[in-house]
Amino acid sequence: MAHFYLRHPPDPRPSLVAQTCTRADQHAIEEFKELLHRIGCPDGLLFDASQCLVVHDSYSSMGPNSLRMEAAFPTDAVLAKLEQPGHPRLSSLDARVGLWVDLMSSRWEDAIADDPEIEAALLADVVPAAVQAIVSTERGSEDAA
């Protein structure tokens, strides 16, 4: 599992967190929402091998319940622009998501998949949170979450 924190200094709070996990089940989603709430981050992406969940703070309450899952997409569809003909696919989900997050920060238009639904879900909140952000990474075990 890895956490990718995107920040815009001098604000110490992340504007976006992307996290990988073994399985994005209800328990993982609730833990992810708790993390976002605890660190004051309004936007998150939770990836497992099969799906990417888009989480956004609706500001409907003061607690983590205001964080809502807004969309779910196949992970391979979200990360599609990383696949280049003639280049081997990175085997690790952590490596693929890390590369994609870095690309979102530096050249977001080269990272967003050519899919109108994915574009719509990411353009309003995720792209502004990622553009020109400083990315830091924390890697850990599934049990450390």
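In region 18-37, how many are in a helix (DSSP H, G or I) and either aliphatic (A, V, I, L, M) or surrounded by 17 or more Cβ atoms within 10 Å (Cβ to Cβ) (or both)? Give the steps one after another, and end with the answer.
Taking region 18-37 and keeping what is in a helix (DSSP H, G or I), we get 26-37.
Still in the running and either aliphatic (A, V, I, L, M) or surrounded by 17 or more Cβ atoms within 10 Å (Cβ to Cβ) (or both): 28-29, 32-33, 35-37.
Number satisfying all stated conditions: 7.
Please find, within region 61-100, the residue that is surrounded by the fewest Cβ atoms within 10 Å (Cβ to Cβ) out of those that are part of a loop (DSSP other than H, G, I, E, B) and modelled with pLDDT of 90 or more. Step through it out loud before you land on a result.
We begin by selecting, within region 61-100, every residue part of a loop (DSSP other than H, G, I, E, B); these are 61-63, 79, 83-92.
The next check asks that each one be modelled with pLDDT of 90 or more; those that pass are 79, 92.
On the way: Leu79: 22, Ser92: 11.
Selected residue: Ser92.
Looking at Asp110, Asp48, Asp125, Asp57 in this structure, which one is out of contact with any Gly (no Cβ under 8 Å at 6 or more places or on another chain) and over 19 Å from Gln19 (Cα atoms)?
Details: Asp48 fails: over 19 Å from Gln19 (Cα atoms); Asp125 fails: over 19 Å from Gln19 (Cα atoms); Asp57 fails: over 19 Å from Gln19 (Cα atoms).
Matching residue, one of Asp110, Asp48, Asp125, Asp57: Asp110.
From the list Asp114, Asp48, the lone residue that is farther than 23 Å from Val131 by Cβ and not polar (S, T, N, Q) is Asp48.
Can you report the number of residues in region 110-129 which are in a helix (DSSP H, G or I) and more than 19 Å from His8 (Cα to Cα)? Final tally of qualifying residues: 7.
For Leu46, the conditions (1) in a loop (DSSP other than H, G, I, E, B); (2) closer than 21 Å to Ala113 by Cα all hold with the exception of (1).
Here Asp48 does not fit the description of being charged (D, E, K, R), surrounded by fewer than 19 Cβ atoms within 10 Å (Cβ to Cβ), over 16 Å from Asp125 (Cβ atoms) and free of Cβ contacts under 8 Å to residues at least 24 places away in the same chain.
Pairs are defined by a Cβ separation below 9 Å, a sequence spacing of at least 6 or placement on different chains, a first member in region 111-137 that is on the phi > 0 side of the Ramachandran plot and of a type outside the set (Ser, Thr, Tyr), and a second member that is assigned to a loop (DSSP other than H, G, I, E, B) and modelled with pLDDT of 95 or more; the pairs so defined are Gln132/His8. Against the definition (in a strand (DSSP E or B) and polar (S, T, N, Q)), how does Ser15 come out, yes or no? Considered against the rule, which asks whether it is in a strand (DSSP E or B) and polar (S, T, N, Q), Ser15 comes out as yes.
The values are calculated or read from the model by the stated rules, or taken from the named source; none is laboratory data. The shown structure was predicted, so the numbers you read here are calculated from the model rather than taken from an experiment. With ideal geometry, Cβ positions are generated from the backbone for all residues, glycine too; neighbour counts draw on all protein chains shown.
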